[in-house]
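Q: I have a structure I would like to understand better, so I am pasting it below and will then ask my questions one at a time.
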Amino acid sequence: DENPNNNDLIPGVITGNARTTKRARLLSLHHIIQTLLHILQMGISYLLMLVAMTFNIYLFLAVILGAGVGHFLFGWRRSSVIDYNDHCH
């Protein structure tokens, strides 16, 4: 059914007996939530970059220490699948 050489950005997905349209997948609640979370992640990343660029050593250490503690608490559950869309490695 699927063409392996299809280079569509949003491929159709077979759900049951019906094929959902590309527009329906683009406007799905799941995709909208993922987009909002991506915007939030990028906004926080840029704010942390600006904090680091103030050259205030205490704020810079707070950002580094926070990243380390966050990785310690939540990084142990990282999946082994590489997600090339993830900007935080």
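Throughout, read-outs are computed from the coordinates displayed, never taken from laboratory work. Please read all numbers here as calculations on a predicted model, not as lab measurements. In this analysis, Cβ positions are derived from the backbone assuming ideal geometry, glycine residues included, and neighbour counts consider all displayed protein chains.
Q: Work out, step by step, the length gained on full extension between residue 63 and residue 39: first 0.36 nm times the residue separation, then minus their alpha carbon distance; give nm to one decimal.
A: Result: 6.7 nm gained on full extension.
Q: At 7 Å along Cα-to-Cβ for each site, give me the label-to-label distance between residue 73 and residue 56 in nm.
A: Roughly 2.2 nm, to one decimal.
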